[in-house]
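The values are calculated or read from the model by the stated rules, or taken from the named source; none is laboratory data. A quick note: this is a predicted structure, and the numbers were derived from the prediction, not measured. Cβ placement follows ideal geometry from the backbone for every residue including glycine, while neighbour counts extend to all protein chains displayed. These area figures cover heavy atoms from the full protein model, side chains too; ligands, DNA and RNA do not enter into them. Shrake-Rupley method; radii C 1.70, N 1.55, O 1.52, S 1.80 Å.
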Amino acid sequence: SIRLSFRHPEEFKIQLRAILRASARGNVKIMYPMISNAGEVVRANELLEETKRELASAGVPFNRDIEVGVMIEIPGAALTADVIAERVKFFSIGTNDLIQYTLAVDRVNERVAYLYEPTHPAVLKLIQQTIDAGHRHGIWVGVCGEMGGDPLMAPLLLGMGVDELSVAALAVPLVKDVIRSVSHVRAKQLAEVALSCRSAIEVLSHCRKLVRQVAPELLDL
């Protein structure tokens, strides 16, 4: 996480140098993990600029305009997304950890795993707040984690305004199928209804209903 990187800045700079050198040969971006506040982004960017200066002085080529983004996976980051967005080029919402930390649920602990609910109203509000903050500042917002690769969730996330979904290879055909089958208007309507729901089960019911209407074959898989 970014906290470990700050504890060992020289090791962090080694990673930054490697990424910057690779950026001279292709489309490479930098994404800081486990950000909880804007101050951490400022500190990370300072180390990045310091690394850039060192490479420039050594004559090492790199992309000086490399895009820098952050993972939004802590509620504190989602709640201060407007401030963080001023300092980066993109957000990637890490839904696995965002859900876990928002609901105080360890998803690998069988005693409480049943409380892990991607469609919990609190989780959806944090996701929507992050998307809106990013777009207000002109940056794109993606979603990674299991939620982004769930065909039941894809229409909801698109309706909320997500620009990009990170999907596991095996789930790509399923997610593409549902995205091709649902209109943007219906996805937005689903998001509006979902954000007004009072329970995770209610939201999930609306998601299933839409998928049943546009791509019923997915529910049989």
*Yes or no: Val41 within 19 Å of Ile2 (Cα to Cα), of a type in the set (A, V, I, L, M), assigned to a helix (DSSP H, G or I) and open to solvent by less than 40 Å² (accessible area, probe 1.4 Å)?*
yes
*Any chance Ile127 is over 27 Å from Glu49 (Cα atoms), in contact with a strand residue (DSSP E or B) (Cβ under 8 Å, 6 or more places away or on another chain) and among the aliphatic types (A, V, I, L, M)*: yes
*Only one of Leu55, Leu126, Leu79 is touching a Pro at 6+ places or on another chain (Cβ under 7 Å) and of a type in the set (A, V, I, L, M, F, W, C); which?*
Leu126
*Looking at the range 81-95, which of its residues are surrounded by fewer than 20 Cβ atoms within 10 Å (Cβ to Cβ) and not charged (D, E, K, R)?*
Val83, Phe90
*If you scan the range 203-221, which residues turn out to be over 23 Å from the mean Cα position of the chain (by Cα) and surrounded by fewer than 15 Cβ atoms within 10 Å (Cβ to Cβ)?*
Ser205, Lys209, Arg212, Gln213, Pro216, Glu217, Leu219, Asp220, Leu221
*In the list Val162, Val143, which residue meets the criterion of being in contact with a strand residue (DSSP E or B) (Cβ under 9 Å, 6 or more places away or on another chain), crowded, with 17+ Cβ neighbours inside 10 Å and farther than 17 Å from Gln100 by Cα?*
Val162
*Quickly run through the range 183-202 and pick out the residues that are open to solvent by less than 20 Å² (accessible area, probe 1.4 Å) and not in a helix (DSSP H, G or I).*
Cys197
*Kindly establish whether Val211 is touching a strand residue (DSSP E or B) at 6+ places or on another chain (Cβ under 8 Å) and either over 27 Å from Gly76 (Cα atoms) or not polar (S, T, N, Q) (or both).*
no
*Subset of the range 125-138 that is in contact with a helix residue (DSSP H, G or I) (Cβ under 6 Å, 6 or more places away or on another chain) and open to solvent by less than 10 Å² (accessible area, probe 1.4 Å) - its residue that is nearest to Pro75 (Cα to Cα)*: Thr130
*Name the one entry in Leu98, Leu4, Leu55 that is open to solvent by less than 70 Å² (accessible area, probe 1.4 Å) and either of a type in the set (D, E, K, R) or more than 23 Å from Arg136 (Cβ to Cβ) (or both).*
Leu55
_Filter the range 165-181 down to the residues that are surrounded by fewer than 20 Cβ atoms within 10 Å (Cβ to Cβ) and either among the hydroxyl-bearing types (Ser, Thr, Tyr) or under 17 Å from Ser205 (Cβ atoms) (or both) and list them by number._
Ser166, Ser181
